Amino acid sequence: MRHRSLSISLLFTLSCFASPALLAEESDENGEPVEIQEPAETVPEQSQEGEPLQEGAQLESSDQPEKPMPKAKSIELDKPVSEQELVAPPQTDDTETGTEAAPETAAEQAATEVPKPEKPVGHPLQLLGSEVPSATSTRLAWSPSQHFEGVYSATPVLVVNGAEAGPTLCLFAAIHGDELNGIETVRRVMYNLNPKTLKGAVIGVPIVNLQGFHRGSRYLTDRRDLNRHFPGHNQGSSASRIARSFFDEVVTHCNAIVDLHTGSFYRTNLPQLRGDLKNPKVVKLTKGFGSTVVLHSDGAKGTLRRAAVEAGIPTVTLEAGAPMVLDEPSVSHSVKGIRTLLNQLGMVSKFRLWGDPEPVYYNSTWQRATTGGIIFSKVQLGESVSKGDLLGTVTNPITNVRTEIRSQYNGRILGMAMNQVVQPGFAAYHIGIQAPEEQIPAPEEVTAEAEPAPVEADNTTTGESPMEEVNENARESHDETPLNSGDEPSTDYDEDREED
């Protein structure tokens, strides 16, 4: 017994002199042993929730910064490129942008500090996943996310971003794939802009409807008119989805738009502008083109022009010439008009063009063939006519019966059918009637405002219901729809079929 008591005393004594680093065991409420370790000398500060702040700081530091948008490389737009370069536009080298100049000494800074008048400095333009620095020009690519073949050829998007701040003007052509004059017009304008002297930016898309252009067709591959589906819908038809992609990715970056077209179905147009003249900013755009015919038109529902204006972007349509042919006088007039517009908007330095002539504003109406046959015109584009003047004749080649078409109005020939076979009711002569001065509101400046708010997709323009799609296919399967009796066709029909 004595030895046992001595053993216990010895163990107790040894435990008292044990090192503080030794571990002891303690039992919890359930009798299970719990290992206890002496705490370290420094304890991290605890947060209110009981978690170490140091650990939270580590979590914050692990967050990766947002990846910067790649910068587009400045190139000469008129230099030929390969198709591979169109798909993957060149980007600037990080090593080029990462180098910084050595800091100047205080004496050098004082010597170089000379008071200069402040100029608005240009800002980078973010477009199609790239950042275009100021005072540069580049070529980007737009491609819809969906189409029939599954792989869509990239559409070139030319960008010239000026050295100074200003509005962003967009030039779009070939929304109808068989209209060639606008393609050449955009090419000539864009390739002759100098980013070092430009104020603002100019975005040019020479061929919006690349599907139709490759096929020499006005329509997309699904036989729909792209210019009747804006602003489009992501869940709509193929045309509607393409329209939505282009509207969201390109159109919404514009402060003003010029949409270039020609006549349709073997008609030719005198160079003319069409716009909603109730909108003061649209009136400002029309005045910028100099001595050019201007027609008042809201635009058919589904057109790019109408959808853009409803989104707050002033837009005009520039019509010139006929489809499927390249008309040099029409292209030259269009290029001259757009350069005058750039001058009027203060984007380029003033140079001699038309001077400052006032445009001529017109309302318009169509004169139609009353019988079918071969039409032979007796008037020319731009010619003034009076009521009762002979415009042309329609001859039936089978019966040799000839019918005259005489003007019912005093006005000017703004558009006309080329000599061809026509059906009864074919829109043959577009006559402009000068508008009264009180009809045109005072113009309002076009400035570099914030980008317009996103536009909600309008299902009524996209042919979502099966019945609407059937009706649309039926309309597009014929060049013209038979007209009801009456001397004057409805305005809705005119705008829907023969304009824009």
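Just so you know, all these numbers are worked out from the coordinates, no wet-lab data involved. It should be emphasised that the depicted structure is a prediction, and the values quoted were computed from it without experimental measurement. All Cβ positions, glycine included, derive from the backbone under ideal geometry; neighbour counts span all protein chains shown.
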Check which residues have an amide H placed less than 5 Å from Thr370's amide H, if you skip close sequence neighbours. Gly425
Neighbour net charge for Ser386 - beta-carbon separation under 13 angstrom, K R +1, D E -1: +1
I need the calculated FRET efficiency for the pair Asn419 and Arg188, taking r as the beta carbon distance and R₀ as 22 Å, to the nearest 0.05. 0.15
Rounded to two decimals, the Debye log10 I(q)/I(0) of region 170-237 (Cα scatterers, no solvent) at q = 0.15, 0.16 Å⁻¹ is -0.56, -0.61
How large is ³J(HN,Hα) for each residue in region 157-168, as worked out from phi by the Karplus curve 6.51 cos²θ - 1.76 cosθ + 1.60 (θ = phi - 60°), to whole Hz, x for Gly and Pro? 10, 8, 10, 10, 9, x, 6, 10, 5, x, x, 9
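Provide the gained length on full extension for the span Arg223 to Ser291, in nm with one decimal, where the gain is 0.36 nm per separating residue minus the Cα-Cα distance.
My answer for the length gained is 20.8 nm.
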Neighbours of Ile257 by Cβ distance under 12 Å: Lys/Arg at +1, Asp/Glu at -1, summed charge +2
Please work out how much length the chain gains when fully extended from Ser82 to Thr447, using 0.36 nm per residue of separation minus the C-alpha to C-alpha distance, in nm with one decimal. 127.8 nm
If each of Glu383 and Gln126 carries a label point 7 Å out from its Cα toward its Cβ, how far apart are those two points in nm? 5.6
With x for Gly and Pro, the residue-by-residue ³J(HN,Hα) of region 217-225, computed from phi through the Karplus equation 6.51 cos²θ - 1.76 cosθ + 1.60 at θ = phi - 60° and given in whole Hz, is 10, 5, 9, 6, 5, 8, 6, 9, 8
Highest mean packing first, using Cβ neighbours within 10 angstrom, the peptides 213-222, 433-442, 360-369 sort as 360-369, 213-222, 433-442
Compute the distribution of all C-alpha to C-alpha distances in region 299-452, in bins of 5 Å from 0, and list the percent of pairs in each, rounded to whole numbers. 2, 7, 12, 14, 17, 16, 12, 8, 5, 4, 2, 1, 0
What ³J(HN,Hα) values, in whole Hz, does the Karplus curve 6.51 cos²θ - 1.76 cosθ + 1.60 give for region 381-386 when θ = phi - 60°, with x put for Gly and Pro? 4, x, 6, 7, 10, 10
Name the residues whose placed amide hydrogens come within less than 5 Å of the amide hydrogen of Asp276, ignoring near sequence neighbours (fewer than 5 apart) on the same chain. Ser297
Kindly flag which residue pairs out of Lys199/Lys278; Lys278/Lys301; Lys284/Lys336; Lys71/Lys196; Lys79/Lys196; Lys199/Lys284 have an alpha-carbon separation exceeding 20 Å in this structure. Lys199/Lys278
Can you give the extra length, in nm with one decimal, that the chain gains between Ile398 and Lys301 once fully stretched, where that is 0.36 nm per residue apart less the Cα-Cα distance? 30.9 nm
